[in-house]
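Written out below as structure tokens is the structure these notes cover.
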Amino acid sequence: MTILLMLIPISLVLLGLAVAAFIWAVRRGQFDDLDTPALDILDDDDARKPAHAPTPAAPENDAAGHGTDRNDAG
């Protein structure tokens, strides 16, 4: 029975901390926009790339042997 004398104040302190954290989050704007973060996962990554992205340079010698060979003299 004496444990209640300790558990009730501890639970009230934890409740006060939870309420303070909620008030802090509301004042910081954590709950202002609830829809956009859920829709961000649906955005296509290709749409964010610039339209004039540089193309990678073609290799001189590829694995199939196409391209210029420095050992050929002619």
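Report ³J(HN,Hα) in whole Hz for each residue of region 25-30, in order, from the Karplus equation J = 6.51 cos²θ - 1.76 cosθ + 1.60 where θ = phi - 60°; Gly and Pro get x.
Whole-Hz 3J(HN,Hα) from phi for region 25-30: 5, 5, 5, 7, x, 5.
Pulled fully out, how much extra length does the chain show between Leu4 and Ile23, if you take 0.36 nm times their separation in residues and subtract their Cα-Cα distance?
The span from Leu4 to Ile23 would gain 4.0 nm if fully extended.
Quick note: the coordinates plus some simple rules give every number you see, no bench work behind them. Just so you know, these numbers come straight off a predicted model, no measurement behind them.
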